[in-house]
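J.: The structure follows.
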Amino acid sequence: MSDPKKHHFIPQFLLAEWAVNDGKLWRFTRPYGSKIAKKEVSPAEIGYERFLYTTPGIPEEYAQQFEAKFLSPVDGRAASAHKWLLKDEPIVWTQAIRSDWTRFIGSMFFRTPENLVAYKQAIRLVLRQDTPELRAAYLRDKPDDWPGTFQEAVATVAPDWVEVVAMEILRKLIDDGERGEKINGMVWTTGEMN
């Protein structure tokens, strides 16, 4: 299977719920200045940005793994949970379904192009700091063959290193077990609005 090029920040299973006319959605774009173009498209053709979650600075065969190996499974499991939500019968919130839905909801905050840019900028700012906590964490966790201080390490790495770190931290934020347990432990219910 080839690596995904269209990285959906609005997952297709959510978009499909809004589809009409043979499963199509209306897509409005501005391809030429202020001129608005409209076209009926499938959910696969909307709500994405090409290579949005690509991790630069690592070998090409791994650069798409955040989308292919992390977000795609998150979306797949959330799509199953979503089907449960839409059923016209009581929902049995198993631990697995709760965890899948919680992880998906956690991913949605970071997934838009604008939020992803802001998140990466915040990581860049944090990594430029020289705080006692950051120095201590670096000294505690660094491999033996790395530079002696955090700032020396930052000065010697490739510019894309921040992108690699940002995407790894993002995966951990989305898959945060502690936050997930708190959300999973809440009382869950559904309602219908007419």
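Read-outs: derived from the displayed coordinates by stated rules, not from any lab. Quick caveat, the model's predicted, so the values are computed rather than measured. No Cβ is skipped: glycine too gets one built from the backbone with ideal geometry, and neighbour counts run over all protein chains shown.
J.: Scan the range 64-78 and report the pairs whose first residue is within 14 Å of LEU52 (Cα to Cα) and whose second residue is hydrophobic (A, V, I, L, M, F, W, C) and surrounded by 20 or more Cβ atoms within 10 Å (Cβ to Cβ), with Cβ atoms within less than 6 Å and a gap of 6+ or a chain change.
T.: Every condition considered, the pairs that remain are PHE66/MET167.
J.: Can you run down the residue pairs with Cβ atoms below 6 Å, 6 or more apart or on separate chains, where the first is in the range 141-170 and crowded, with 16+ Cβ neighbours inside 10 Å and the partner is of a type in the set (Lys, Arg)?
T.: Taking only residues 6 or more apart or on different chains, the pairs are PHE150/ARG135; VAL162/ARG124; ALA166/LYS120.
J.: Would you tally the residues in the range 50-75 being under 18 Å from the mean Cα position of the chain (by Cα), surrounded by 14 or more Cβ atoms within 10 Å (Cβ to Cβ) and not aromatic (Phe, Trp, Tyr)?
T.: So the count comes out to 13.
J.: For the range 140-188, name all the residues that are over 22 Å from LEU127 (Cα atoms) and part of a helix (DSSP H, G or I).
T.: GLY177, GLU178, ARG179, GLY180, GLU181, LYS182, ILE183, ASN184
J.: Out of (1) closer than 30 Å to ALA155 by Cβ; (2) among the small types (Gly, Ala, Ser); (3) surrounded by 13 or more Cβ atoms within 10 Å (Cβ to Cβ), what's the single condition that is false for SER99?
T.: The single condition SER99 does not satisfy is (1).
J.: With respect to LEU15, determine if the residue is among the aliphatic types (A, V, I, L, M), farther than 29 Å from VAL165 by Cα, surrounded by 13 or more Cβ atoms within 10 Å (Cβ to Cβ) and in contact (Cβ under 8 Å) with a residue 24 or more places away in the chain.
T.: The answer is yes for LEU15.
J.: Then there's this: Inside the range 123-137, can you point out the residues that are exposed (fewer than 12 other Cβ atoms within 10 Å of the Cβ) and either small (Gly, Ala, Ser) or in contact with an Asp or Glu (Cβ under 8 Å, 6 or more places away or on another chain) (or both)?
T.: Residue satisfying the conditions is ALA136 alone.
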